[in-house]
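To keep things clear, I will list the structure first and then write my remarks on it.
The values are calculated or read from the model by the stated rules, or taken from the named source; none is laboratory data. Just so it is clear, the structure is predicted and the values come from calculations on it, not from any experiment. Ideal geometry is used to build each Cβ from the backbone, glycine not excepted, and the neighbour counts take in all protein chains shown.
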Amino acid sequence: MQLLKDKILSDGRLLDGYVLKVDNFLNHQLDVALLDAMGAEFARRFAGVKIDKILTVEASGIAVAVMAARHFGNVPVVFAKKTESLTLDQDAYESDVYSFTKQKTYRVRVSRRYLVPGEKVLVLDDFLANGHAACGLIDIVRQAQGEVVGVGIVIEKGFQSGRKLIEEAGVSRVESLAILSSIADGKIAFA
Ligand code: 5GP
């Protein structure tokens, strides 16, 4: 998606050589027009695929998922929670996810109320690095006996192994709006 690639080049910042900061349009401040265009692009790429619900993970996936849902006929969006809370049903699906950016494992949870057997679910997230976040969400959909019809990613770091992990988990449809082939020497290159 050219608009997104241009934005990454103009506004993205590289940290520690392997983390891309996109705080001013995706991870902190939100560029609503760009998010809307991303939603339209996901809808174009998954056209013809039946999608009952979108599943993402808090916090950065939410804006992407909500804007995309507008282009999928306002399907419901469910976001996995990262923190334990009294207000979350005790009866939740859970999966442990190793965080690439935080370098620690956290647990994601979705109430059993919001995923039901047989649902066709599109998993969306902001970044794909090693694939643990996406695979945690896939695991949760399967615990609920739903079907993951695809994974949509805003920015894929193609030089990491995330896509392979998702494919090994049995999901063949992975659509990324921008794929980075390298971020070496402070330079961003696209696949
Ligand atoms: P994975 O689980 O695929 O290793 O990492 C995906 C998650 O880590 C995403 O949900 C995202 O929050 C975070 N992440 C991984 N790499 C980056 C990066 O380069 N920049 C930012 N902003 N987040 C990242």
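A compact table of results
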read-out	value
All positions within the range 137-187 that are surrounded by fewer than 21 Cβ atoms within 10 Å (Cβ to Cβ), at pLDDT 95 or above and within 9 Å of the ligand (Cβ to nearest atom)	Gln160, Ser161, Leu165
Subset of the range 15-57 [near the ligand (Cβ under 10 Å from one of its atoms), touching a Lys or Arg at 6+ places or on another chain (Cβ under 8 Å) and under 30 Å from Gly118 (Cβ atoms)]	Val57
Top-ranked residue in the range 100-136 [being part of a loop (DSSP other than H, G, I, E, B) and of a type in the set (S, T, N, Q); ranked as farthest from the ligand (Cβ to nearest atom)]	Gln103
The range 97-124: number of residues that are closer than 25 Å to Ile51 by Cα, surrounded by fewer than 17 Cβ atoms within 10 Å (Cβ to Cβ) and not small (Gly, Ala, Ser)	5
Failed item in (1) in contact (Cβ under 8 Å) with a residue 40 or more places away in the chain; (2) in contact with a Leu (Cβ under 9 Å, 6 or more places away or on another chain), with Ala37 passing the rest	(1)
Selected residue (criterion: nearest to the chain's Cα centre (by Cα)) from residues of the range 31-47 that are more than 16 Å from Glu175 (Cβ to Cβ) and exposed (fewer than 15 other Cβ atoms within 10 Å of the Cβ)	Asp36
Any hit, the range 79-99, residues being more than 11 Å from the ligand (Cβ to nearest atom), at pLDDT below 95, of a type in the set (Val, Ile, Thr) and closer than 23 Å to His132 by Cα	yes
